[in-house]
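Working notes, structure below.
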Amino acid sequence: MGVIEGEGGSALAKLGNIKLSEAARGLALAMPPLAYTLLLLAVPILAVIYLSFTAREPDADGNMVMSFANYVRVWTDPLYLHLLARSVGISVIVAVITVVLAYPIAYFIAFESGKWRHLWILLITVPFWTSYLLRVLSWKIALGQSGAINSILLWTGLIATPFEGLLYNIGAVVTVLAHSYAVFAILPIYVSLVRLDRSLLEAATDLGDGAVRRFVRITLPLTQRGVVGALMVVMIPTAGDYVTPVLIGGKDGIMIANQIQAQFGKANNWPLGAALSVSTMLTIGFAALAILVLARKAGRLAR
Amino acid sequence: MNTPIISIRGVSRHFGAFTALDNIDLDVKQGEFFSLLGPSGCGKTTLLRMIGGFMEPSSGKIMIDQKPMDGLAPNQRPTNMVFQNYAIFPHLNVADNVGYGLRKLRLDKAQFTARVQEALERVGLSGLGHRGGHELSGGQRQRVALARALIMQPKVLLLDEPLSALDKKLREQMQLELRRLQRAVGITFILVTHDQYEALSMSDRVAVMFKGRIAQVAPPQDIYQRPASRDVADFLGGMNFIEAQIEAEDALELKLASPLTGPITLARRDGFAQGLGKATLGIRPERLRILGPKETAPIEITGTLYDKVYYGEVTHYSVAVRGNTQPLQVAVTNSSGGPELAAGSEVKVGLDRSALVLLAP
């Protein structure tokens, strides 16, 4: 496609004259990040998939043996199935809670914050300037038996003995994850709300809707993409979180990622760890797909 | 019939130090096509949005159908609005857009469909009910917005520059259709526009607004032919202004002198309260004509032609005259096949006494 014009000038000038098609230029621009993504994302994933189909021990000649055994184990062992179900369950619950809590915040920033809008956005991201680990550890301090919450409750005399159930259970994991991922839910919802044409809201009011009807009929359907985006952005990474379950979850709060880590670490069974990883990816993929389909169905109900 | 459908008394609106509306008094009659005309920033949209309930006045009172509207939200008022960008709900099809306000009534399906169908037919969109709200042309969007508002059977329909997004041809067609539709449904229409032709061609009465005040309220002919002030005259098409002196007055007549026209006597207009002294006379360009060598007119002004602009159906001549800083604009219809006039030539401009309008300064 390249056309070289003129005969004079340096080779560099000639090179500059090469006219690439629009698509080719776009591809050229996207090349470095594309290569980076392929190298650091696609290749490792393919390696994990390959690994998951190998046996733990090579055969007598030292060759890799292909096997479905890892998957059979993952999908028949109640321990793994239970962990998988718990992880997906926690991630869905965390995503829903986070989005429900994030929506009013995003709404407030988009509609009511006026000239302080950018300050609010900044304030919401401030906690994320510190490391994830530190934030989880501070939750441990807050939720602990002699932590901040219990201390305050004791001090005010609302309770006589400290709560013990605040830490080391699923509830604690959900609380901490919901907080950790809040900003990722607020931002996409905020963006969709800011883009919402205000005159559509005025038109709905003009045609008789009160605040609640208008929200259900116009605001929510038209910010659906933001909401679904937020659900995905929270759900997918939380399913694979292992820091929070380790530090906060206790025995009952362990998730699938902890098991994967164990297989790649202590247990030294990489193929099984790989099979667990792939199974988790697939399960979460299906859960995400189900949410998309449900959201689309719900969207059609709006009238 | 004589009680106004909308009655506005002493309405003001301030935004910080800026006064958007300054003590507005206005009555709109039942069944009237009423226009609010003015340049951008004159407060016309603010006034419309207050009638619709999207904004509250800082002071004053708005009554619709003899009920005070203080603090009532748009969904509690007997008004509906056609928005400037039409505000078509993109996630709903045409039928659901049009029937949006009916859902609250919980009609059965047949009734709902019948009323939507009727509304679509009225605006010439029958058969497009299933089209998505996001896949409509500008004209179609406007019709959907109209049908969606009219289906609510409002006492007053508010239209916020509804034609400004359309191209010229479609705009002119929609002007006629809007007028016809208004007559057919008999609902009071209040139209906000900055286009004087739109206001003149569609309205029963026009209110011309400047800087938060109403300068004149009158039927289109009166607004155009007898503008109350220089501002109104200037906003509604071209107007030549001539300096004059009022030298004598009595109950019926004013005697004026102007270096251009010589002494003239004009009938006194109602409400014209200016005393003796300096005054401004206005003449519409189309009320002036270029006289041939043998033609005469009651008033004749000699000048030099220095420019002309050809517009197809009319040609605008600029004639420089002594004693007036601005050249006279003369609009000549290109039907008579008059003489070709070259720039620089001497011309005689003629007019009748009735072409002169005395303007408040």
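The values are calculated or read from the model by the stated rules, or taken from the named source; none is laboratory data. From a predicted model like this one, the values you see are computed outputs, not experimental measurements. When we count neighbours, we look across all protein chains shown, and the Cβ atoms used for this are built from the backbone with ideal geometry, even at glycine. These area figures cover heavy atoms from the full protein model, side chains too; ligands, DNA and RNA do not enter into them. Shrake-Rupley method; radii C 1.70, N 1.55, O 1.52, S 1.80 Å.
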Relative pair counts by distance (%), Cα atoms of the range A:212-303, 10 Å bins: 15, 33, 25, 17, 8, 2
Global size of the range A:54-205 as Cα Rg and Dmax, reported in angstrom: 23.1, 77
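How high is the relative contact order of chain A? Use alpha-carbon pairs under 8 Å, at least six apart in sequence, and give a whole percent.
RCO, chain A: 25 percent.
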Difference of contour (0.36 nm per residue) and Cα-Cα distance, A:Asp197 to A:Ile152: 11.7 nm
Span from the the range B:54-122 Cα centroid across to the the range A:143-168 one, whole angstrom: 54 Å
Summed residue charge, Cβ within 10 Å of B:Arg171's Cβ, Lys/Arg positive, Asp/Glu negative: -2
Debye, to nearest 20: dipole size of the protein assembly as shown, +1 on Lys, Arg Cβ, -1 on Asp, Glu Cβ: 1240 debye
Chain B, relative contact order in percent, only Cα pairs under 8 angstrom and at least six apart counted: 15 percent
Of all accessible heavy-atom area on the range B:23-144, the percent that carbon and sulfur account for (1.4 Å): 48 percent
Heavy-atom accessible surface that B and A bury in contact, both chains counted, 1.4 Å, Å² to 100: 1900 Å²
Size-normalised alpha-carbon gyration radius of the range B:6-231, reference 2.2 N^0.38 Å: 1.02
Charge context of B:Gly275, other residues only, Cβ under 15 angstrom, K/R +1, D/E -1: 0
Cα shape, the range A:69-301, gyration tensor, a/c 1.5 rule: oblate
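Can you pull the mean other chain C-beta count within 10 Å for peptide B:76-87?
Partner Cβ neighbours, averaged per residue: 3.
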The range B:238-359 - percent relative contact order, Cα under 8 Å, separation 6 or more: 29 percent
Calculated from backbone phi, Karplus (6.51, -1.76, 1.60) coupling profile of the range A:77-87 in Hz, x at Gly/Pro: 6, x, 4, 5, 4, 4, 5, 5, 4, 5, 4
FRET efficiency, B:Arg103 to A:Gln261 (Cβ-Cβ, R0 60 Å, nearest 0.05): 0.70
Distance between the range B:218-243 and the range A:50-78 - C-alpha centres, whole angstrom: 92 Å
Per-pair calculated FRET efficiency, R0 = 45 Å: A:Phe111 and A:Tyr132 via Cβ, rounded to 0.05: 0.90
Computed over the protein assembly as shown, Cα set: Rg, Dmax in Å: 37.5, 128
Accessible area per residue, Å², the protein assembly as shown with all protein chains present, probe 1.4 Å: 52 Å²
Gyration tensor verdict on the range B:188-343 (Cα atoms; rounded if a/c is under 1.5, prolate if a/b is larger than b/c, oblate otherwise): oblate
222 nm mean residue ellipticity, helices alone, for the protein assembly as shown (DSSP H n ≥ 4; -39,500 (n - 2.57); rounded to 500): -13000 deg cm²/dmol
Fraction of the pair-distance distribution of the range B:50-142 above 20 Å, Cα-Cα pairs, percent: 48 percent
Alpha carbon Rg of the range A:28-69, scaled by the compact-globule rule 2.2 N^0.38 Å: 1.70
Beta bridges by DSSP in the protein assembly as shown, antiparallel share as percent, to the nearest 5: 75 percent
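Cα gyration tensor of the range B:136-217, axes a ≥ b ≥ c as square roots of the eigenvalues: rounded (a/c below 1.5), prolate (a/b > b/c) or oblate?
oblate
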Exposure of B:Thr304 as accessible area (Å², to 10), given a probe of 1.4 Å and all protein chains: 50 Å²
FRET efficiency, A:Asp252 to A:Ser67 (Cβ-Cβ, R0 30 Å, nearest 0.05): 0.40
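By the scheme Lys and Arg +1, Asp and Glu -1, what is the net charge of all other residues having a beta-carbon under 13 Å from that of A:Asn269? Mind dumping the intermediate values first?
Numbers: positive: A:Arg56, A:Arg73, A:Lys266; negative: A:Glu57, A:Asp77.
After counting each charged neighbour, the total is +1.
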Spatially proximal lysines relative to B:Lys109 (Cα-Cα < 24 Å; intrachain offsets below 8 disregarded): A:Lys297
Occluded residues from the range A:216-247, i.e. those whose accessible area drops by 30 Å² or more once the chain is not alone (1.4 Å probe): A:Arg217, A:Ile218, A:Leu222
